[in-house]
1. Return yes or no: is residue 317 surrounded by 13 or more Cβ atoms within 10 Å (Cβ to Cβ), touching a Gly at 6+ places or on another chain (Cβ under 9 Å), under 23 Å from residue 257 (Cβ atoms) and not basic (Lys, Arg)?
2. If you check residue 120 against the conditions, is it over 30 Å from the mean Cα position of the chain (by Cα) and surrounded by fewer than 17 Cβ atoms within 10 Å (Cβ to Cβ)?
3. Working only within segment 219-233, note down all residues that are more than 19 Å from residue 354 (Cβ to Cβ) and aliphatic (A, V, I, L, M).
4. Hey, residue 205 hits all of (1) buried (at least 18 other Cβ atoms within 10 Å of the Cβ); (2) under 21 Å from residue 390 (Cα atoms); (3) of a type outside the set (A, V, I, L, M) but one; which does it fall short on?
5. Sort out which residues of segment 167-183 are surrounded by fewer than 18 Cβ atoms within 10 Å (Cβ to Cβ) and either of a type in the set (Asp, Glu) or touching a strand residue (DSSP E or B) at 6+ places or on another chain (Cβ under 9 Å) (or both), and write them in order of number.
6. Looking at segment 375-387, is at least one residue in a loop (DSSP other than H, G, I, E, B), modelled with pLDDT under 90 and surrounded by fewer than 20 Cβ atoms within 10 Å (Cβ to Cβ)?
7. List the pairs whose first member sits in segment 341-359 and is free of Cβ contacts under 8 Å to residues at least 40 places away in the same chain, whose second member is surrounded by fewer than 17 Cβ atoms within 10 Å (Cβ to Cβ) and not aliphatic (A, V, I, L, M), and whose Cβ atoms are under 7 Å apart, counting only residues at least 6 apart or on separate chains?
8. So, in segment 279-311, exactly how many residues are surrounded by 14 or more Cβ atoms within 10 Å (Cβ to Cβ) and assigned to a helix (DSSP H, G or I)?
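The values are calculated or read from the model by the stated rules, or taken from the named source; none is laboratory data. Everything numeric here is computed off the predicted structure, so don't read it as measured data. Because the Cβ atoms are built from the backbone with ideal geometry, glycine has one as well, and the counts that use them run over all protein chains shown.
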Amino acid sequence: MNIVHRARQFVQSLREQAHRSVWDWRRCPYCGGTHTCGWGSYQRRPWTLEGRQSVRIPRHRCYPCHRTYSEQNPWLVRRSWYAREVHRCAIDFWQHGGTSLRRAAEFVRSFIGRQERYLLWCISAVRPAKEECHLAASTVHRWLDRAGREAERTLPGQLEGIGSSGCMGTDGLWARLRGGTKAVLLALVDNATGLLWPPVVVAGEESEQSWREMLERAVGAGFDLDRLRGVVSDGANGLIGCLHEMAKWANQQRCVWHLWRKLGGELARQVSKVGVGLFGAAAKAARGRVRRELAALIHAVLDARSQEEAETALVQLRAHQLGAGLARQLEECLDAALIHLNAYNRGLARVAPEWLWRDFRLRLSRGRNHGTGVRLERAALVWAIYHNFTPAQSRCERKRRYRRPGQSPLEVAGVPPGEISYLDALAV
């Protein structure tokens, strides 16, 4: 059962509980008997999005088993001062808004308590005279940690039955934890659909064991390793060894962006040799002209449409008076940089999924307070579920266009969640 089915079951259970009749509550939840009677009631005063409300909860007593039980309200959370809608609002405000825990708690309590910043929004508002909401950042953090535990519980078969293109991308993000220790967050994403498989936190990305843990977690979540055809990544040696051991038939495409970073130092050294004897604007113009020439030759190699075209462009780069060193570095990784040209790896991207970490930092960098690798992994699992359920922006921007506007990765993969949200998948 994948994450979409579990989310639908959770929503269905809440709806069934909300539509239970008086006679349904007459049945004892312990022994199943119907020989019960009313046994008083008690009041609950939870905070909701409309303010603090008073809710009456009836109680019943079963004659055969001599036990008492209370009617359950699906919109109330057991042992919580806040209704379910407040839980969902606070988590979504932190996750989707990309703010800190402190600011998320401040905005939510200002809204539900009609206090603090709410008085800045509404000029005619009056400060509450009796009760004030005291929602704290630690409470929101506890709710987020509970959502992370639920995400850990749903790891087995989380994306089972969801198709994959076989063309994947992977990358790692370094994070600094408490005590000065470091950890790496590894993620695997489908190039065609943008579907993100559950990430994993490891000690480093140089060992084969780290990448093996990432692939094993993806397989446990429902990924079919036999369909893997290619992976685009940086030049991590651990990933190469892991692919040779677990998926010998898969190829590794070197990330073009990382190759440009690798060539940047050599390109700068060669350009610095130009303009000797020139000063001012003349030296700057000469260096700029040579940089454009070398960059155009490198582009011709990396952006070639065939292997023969790339080799011809490499010969032209080597023939340049300052391109011998650049050609030597490109020749070492030329085959790995052109894997996407093979018919077997058609559809494989040329750039590692760096945009994932941009999105991760945008959502979670401010105030995430990951003290340990366990908390970092829980936050990443919650973020992965959020990413898979959230549709891309429908409206294009001046400098940015979305490949599939208005569609979520799950919908592109053939499993549209519909009205189900990531909060339902986390059972919030």
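1. Working: surrounded by 13 or more Cβ atoms within 10 Å (Cβ to Cβ): yes; touching a Gly at 6+ places or on another chain (Cβ under 9 Å): yes; under 23 Å from residue 257 (Cβ atoms): yes; not basic (Lys, Arg): yes.
Yes: the conditions hold for residue 317.
2. Numbers: over 30 Å from the mean Cα position of the chain (by Cα): yes; surrounded by fewer than 17 Cβ atoms within 10 Å (Cβ to Cβ): yes.
Answer is yes for this residue.
3. As a first pass, look at segment 219-233 and keep what is more than 19 Å from residue 354 (Cβ to Cβ): 219-229.
Within segment 219-233, 219, 221, 225, 228 qualify.
4. (2)
5. Keep residues of segment 167-183 that are surrounded by fewer than 18 Cβ atoms within 10 Å (Cβ to Cβ), which gives 174, 176-182.
The answer is 174, 176, 177, 182.
6. Applying the first criterion (in a loop (DSSP other than H, G, I, E, B)) to segment 375-387 yields none.
Scanning segment 375-387, I find no residue that is in a loop (DSSP other than H, G, I, E, B), modelled with pLDDT under 90 and surrounded by fewer than 20 Cβ atoms within 10 Å (Cβ to Cβ), so the answer is no.
7. Correct list of pairs: 341/306; 341/307.
8. 16
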